[in-house]
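Nothing in this text is a laboratory measurement; each read-out follows from the coordinates by a stated rule. Nothing here was measured: the structure is a model prediction, and the numbers come from that model. Positions of Cβ are backbone-derived with ideal geometry, glycine not excepted, and every protein chain shown enters the neighbour counts.
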């Protein structure tokens, strides 16, 4: 479970303006075994970076940021994922 307060940044996986250091960073995180896929059924749209690891998410970075702003710091990222990760509202 990830608290929003633990999130360092949320990166867009498809951003053409990503820094040149993004790919080597993600490769290193994966090599160290600190990359966790939230789902294996869908393409990665964003990366949620915390102190302890990186989470590959099927939800866009923009959607995650909007949900973080709506939910406040008490919400946890895992609450955004229910049986249907494409759902736009927070799981209650």
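Quick notes on this one:
- Annotation: extensible slack from residue 31 through residue 9 equals 5.9 nm (criterion: 0.36 nm per residue apart, minus Cα-Cα distance).
- Applying 0.36 nm per residue to the separation of residue 22 and residue 70 and subtracting their alpha-carbon distance, the gain on full extension is 14.5 nm.
- Counting other Cβ atoms within 10 Å as a rough exposure proxy, the listed residues 57, 46 run 46, 57 from fewest neighbours to most.
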